[in-house]
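Here the structure comes first, spelled out in structure tokens, and everything after it is commentary.
Nothing in this text is a laboratory measurement; each read-out follows from the coordinates by a stated rule. From a predicted model like this one, the values you see are computed outputs, not experimental measurements. When we count neighbours, we look across all protein chains shown, and the Cβ atoms used for this are built from the backbone with ideal geometry, even at glycine.
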Amino acid sequence: MACTLLCPALLLSGLFANSAAMALESDRKQPINIVADRITVDEKKGFSHYMGNVVMTQGSLRVTGDDIRVYLDDRRKLKRIIVVGKPATMQQKTDASQQLVKSRAERMEYLIASHTLHLKNNAHIEQGANRFSGNTIDYNMKTSLIQAHGSKKGDERVNITIVPEEDSKEPNAGNQDGTEP
């Protein structure tokens, strides 16, 4: 019985750790912890609902929201996850740089079949000093395709800030005037 109740939680954690190619590999091997005020599991329908200040952690992965819903298909495989909050957040370290990638939006939806993460309403993604924001951001984790849109009213536009990496191999890279340190 306990495994049945935890299976949606295991699937939820595996979603983010397994889908993002750059996610920290060791996160998958870490214990999963979910804290919520309430939980509803409907095993027949393949649905679990975590409510009230939900915090899910696994290694460097941390997902927060007011409401997390997990949907399974008829074969009991993960189909879709929805995280809602003011804001809903997700953060995880990457294998390559050990940098924390952070995302937030009022609604996050992950569609397993298409490997697509939809961030909706006040969407933001940050990696180091780089920032990406818009009303909606769609990120295909398989193809690394990002599409962002401003609001339909036109009052919010897409905003990108990319900070160039310093090339430590260039002579005097850290000196603006070209003098030796």
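What to note about this one:
- When you count the other C-beta atoms within 10 angstrom of each residue and take the mean per peptide, 133-145, 27-39, 107-119 line up highest first as 107-119, 133-145, 27-39.
- Neighbour counting of Cβ atoms within 10 Å sorts the residues 157, 69, fewest neighbours leading, into 157, 69.
- Two-site FRET efficiency, residue 38 against residue 140, from Cβ-Cβ distance with R₀ of 30 Å, rounded to 0.05: 0.35
- Relative contact order for region 68-128: 28 percent, from Cα pairs under 8 Å spaced at least 6 residues apart, divided by residue count.
- Gain in span if fully extended, residue 127 to residue 165, counting 0.36 nm per residue against the direct Cα distance: 12.4 nm
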